Amino acid sequence: MKSDTLPSRRAVLVGLAVGPALGRGALAEGLPTVAVTKDPSCGCCEKWVAHMREAGFAVTVTEGPVNPVKARLGVPRDLASCHTALVGSYVVEGHVPAGAIKRLLAEKPQGIGLAVPGMPAGSPGMEVEGIEPDTYDVVLFRKDGRTTFAWYRGGEPV
């Protein structure tokens, strides 16, 4: 006998499927969307996008040539990495940890954005089992220079 007060099996399954997505959206409330441009064949970029989503950011991805985007946004060549993103009014270059981006958005320092040059082992999206994570700088860059914004080992602040 079916009760009108009990949810159907379909309703329960839909709830289980939709619930986590709604939870991520609630986490993203108050955070700007991350607009990423990446090469279509880059797997580590996809992992970084997943890291950002897990941290509560909504992320859009555009696949295509990245170097013209870097040039247009003012990313210095020696700070370049494999993907470029816009977050609020800032540029984010490479495998910058979500924690550093949240700090950037909270503190609002003068600058163009943050960069993690190259592809340090253990940085978000560059985790490789059995490989020790690198310690690396997260660089705040401006038109007139740059400073170290944070130090990380893997995905953790040092």
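The values are calculated or read from the model by the stated rules, or taken from the named source; none is laboratory data. This one's a predicted model, so the numbers in the text were calculated from it and none came from an experiment. Virtual Cβ from ideal backbone geometry, glycine too; neighbours counted across all protein chains shown. Accessible surface is based on the protein model in full, side chains and every heavy atom, while ligands, DNA and RNA are left aside. Shrake-Rupley method; radii C 1.70, N 1.55, O 1.52, S 1.80 Å.
Residue under question is residue 47, and the condition is that it be basic (Lys, Arg), at pLDDT 50 or above and over 20 Å from residue 112 (Cβ atoms); does it hold? Answer is yes for this residue. Of everything in segment 65-81 that's in a loop (DSSP other than H, G, I, E, B) and open to solvent by less than 30 Å² (accessible area, probe 1.4 Å), which residue is farthest from residue 141 (Cα to Cα)? In this case the residue turns out to be 66. Residue count for segment 143-155 satisfying the condition of being in contact (Cβ under 8 Å) with a residue 40 or more places away in the chain and either part of a loop (DSSP other than H, G, I, E, B) or within 17 Å of the chain's Cα centre (by Cα) (or both): 5.
Just one of the listed residues (106, 115) is of a type in the set (Gly, Ala, Ser) and part of a strand (DSSP E or B), namely 115.
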